[in-house]
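The values are calculated or read from the model by the stated rules, or taken from the named source; none is laboratory data. The structure displayed is predicted, hence computed values, not measured ones. With ideal geometry, Cβ positions are generated from the backbone for all residues, glycine too; neighbour counts draw on all protein chains shown. For the accessible areas, the whole protein counts, side chains as well, though only heavy atoms, and no ligand, DNA or RNA atoms are used. Shrake-Rupley method; radii C 1.70, N 1.55, O 1.52, S 1.80 Å.
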Amino acid sequence: MKTLKEILQNQKEVYVIDSTIDYTDYIPLDLSASYTDELDLDLTDAKKFEEFVENHLSKNKAKVAFCGYLEKRNLYKRSETFNDKNKEERNIHIGIDLWIKAGTSVLSALEGKIHSFQNNLGLGDYGPTIIVEHEIDGLTFYTLYGHLSLESLDE
């Protein structure tokens with residue numbers, strides 16, 4: 001049986017946001033703990049954080065900022081969702097973030113069916129979220145789409 005990595009490497013172009021946005025309009029964004037500490041960025045203030053991301057996009061004349069996989073972040077320290085005193089702190093980001101203007105279409109990366117959807121309201125949680133179940137070459141796996149609009153959860 002092929003591994004998930006092998007299966008995904010054999011997929012044609014995959015888009016999770018509006019496919020008319022060219023990859024040249026994407027810019028990396030560093031949200032690692034060392035970088036946000038260096039900037040003295042207040043991660044507890046959602047409005048200031050959003051301004052930081054918007055400024056990054058504007059300064060770089062970009063439409064999409066991307067970041068994240070296995071990045072160690074201080075962002076989680078503001079939320080009990082990721083800092084339960086009875087459990088080990090979670091500070092490693094386990095996905096890929098795509099920051100883009102609100103209202104931009106979000107697409108399923110691959111063909112699949114809706115596994116679940118929910119509005120996760122905890123501070124720092126995913127907000128409106130849809131999880132899609134995929135099955136390719138006998139392997140089942142899931143993709144999570146968070147921080148969506150509330151309208152995304154309408155059936």
Notebook entry, point to check: Using a simple spin-label model with points 7 Å from Cα along the Cα→Cβ vector, what separation in nm is obtained for SER58 and HIS115?
Noted result: 3.8 nm
Item checked: Longest site-free stretch - the chain; sites: trypsin sites (Lys or Arg not before Pro), DSSP loop, at most 13 other Cβ within 10 Å -> 102-155
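Can you work out the accessible area per residue across the chain, with the rest of the protein chains kept in place, probe 1.4 Å, in square angstrom? Please list the in-between numbers first.
Working: 10800 Å² over 155 residues.
Per residue, the chain has 70 Å² of solvent-accessible surface.
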Margin query: Just to be sure I understand the model, the point goes 7 Å from the Cα along the line to the Cβ. What's the resulting LYS5 to THR104 distance in nm?
Written below: 2.8 nm
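To the nearest 0.05, how large is the calculated FRET efficiency for LEU153 and GLU13 if R₀ is 25 Å and r is the Cβ-Cβ distance? Walk me through the numbers on the way to the answer.
Working: r = 27 Å, r/R0 = 1.09.
Computed FRET efficiency for LEU153 and GLU13: 0.35.
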Check: Roughly speaking, what is the stretch gain from ALA33 to THR20, that is 0.36 nm per residue apart minus the C-alpha to C-alpha distance, in nm to one decimal?
Finding: 1.4 nm
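Once neighbouring chains are kept in place and the probe is 1.4 Å, which whole percent of the accessible area of the chain is contributed by carbon and sulfur? Don't skip to the answer; put the middle values down first.
On the way: 5480 of 10800 Å².
For the chain, the apolar C and S fraction of the accessible surface comes to 51 percent.
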Next item on the list: With a cut-off of at most 15 other beta carbons within 10 Å, and DSSP calling the residue loop, which GluC sites (Glu not before Pro) in region 5-68 qualify? Please list them.
Entry: GLU13
Notebook entry, point to check: Among all the aspartates and glutamates, which ones have a C-alpha under 20 Å from LYS5's C-alpha, if same-chain residues fewer than 8 places away are not counted?
Noted result: GLU13, GLU71, ASP97, GLU111, GLU133, GLU135, ASP137
Next item on the list: Calculate one ³J(HN,Hα) per residue across region 46-51 by plugging θ = phi - 60° into the Karplus curve 6.51 cos²θ - 1.76 cosθ + 1.60, and present them in order as whole Hz with x for glycine and proline.
Entry: 4, 5, 5, 5, 4, 4
Next item on the list: Can you tell me the equivalent ellipsoid semi-axes for region 116-155? Use √(5λ) from the Cα gyration tensor, largest first, whole Å.
Entry: 23, 11, 6
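Report the net charge of residues surrounding THR24, where surrounding means a beta-carbon distance below 13 angstrom and charges are Lys +1, Arg +1, Asp -1, Glu -1.
Its environment carries a net charge of 0.
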